[in-house]
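Engineer: I have a structure here, written as structure tokens, and I will follow up with some questions on it.
Read-outs: derived from the displayed coordinates by stated rules, not from any lab. Computed from a prediction, not measured in an experiment: that's the story for all the values here. Virtual Cβ from ideal backbone geometry, glycine too; neighbours counted across all protein chains shown.
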Amino acid sequence: MILDLNHVNIVTQKLKETRDFFVDVLGLVEGPRPDLGFDGYWLYAGDKAVIHLQSLDRAPGGRGAAGPLDHAAFDVADLAAAKARLTERGVPFREIVSPPRGQLFLNDPNGVRIELSGTVG
């Protein structure tokens, strides 16, 4: 079902310091980020945004309440099949669709938020 790790989202009160750590220490590159309505950075390894940073002060929906790791996102081959699998197993999830992509958000047994992302339709 999972093809690849898409990104890890970190919520922080130390937005610039965290950005500087991943860029200056670990060698990621700051790159394009859509206007999401809150402050943050997308940090790239090659052409892939692997770390999403967002400000805790402006985090939507109370994100970050469980700690700095907001979620880990995975690309899936078939979003409809992933949705069916979760439904069959009684796993609760929240769906966001903004074509051509969609996302399913669920929690693992430890409360870590997981995002499954794929093409819709």
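Engineer: Below 27 Å, Cα to Cα, which lysines can LYS83 reach? Residues fewer than 8 away in the same chain don't count.
Structural biologist: Hits, sequence-local ones excluded: LYS48.
Engineer: Rounding to the nearest 10 and keeping the result within 0 to 90°, find how far the Cα-based axis of helix 79-88 lies from the longest principal axis of the chain.
Structural biologist: Relative to the chain, helix 79-88 is tipped by roughly 60 degrees.
Engineer: Whose amide H sits under 5 Å from the amide H of HIS71, counting only residues 5 or more places off or on another chain, with H placed in the peptide plane?
Structural biologist: Amide H neighbours of HIS71, under 5 Å, 5+ apart: ASN9.
Engineer: Tell me, what ³J(HN,Hα) does each residue in region 24-35 have, in order and in whole Hz, if you take phi through Karplus 6.51 cos²θ - 1.76 cosθ + 1.60 with θ = phi - 60° and put x for Gly and Pro?
Structural biologist: Per residue, the Karplus-derived 3J(HN,Hα) values read 6, 8, 9, x, 6, 10, 5, x, x, 9, x, 6 Hz.
Engineer: Could you line up THR87, THR119, THR18 from fewest to most neighbouring Cβ atoms inside 10 Å?
Structural biologist: Exposure proxy ranking, most exposed first: THR87, THR119, THR18.
Engineer: Pull up all non-local amide H partners of ASP39: gap of 5 or more, or a different chain, and H-to-H distance under 5 Å with H placed in the peptide plane.
Structural biologist: Placed amide hydrogens put SER55 under 5 Å from ASP39.
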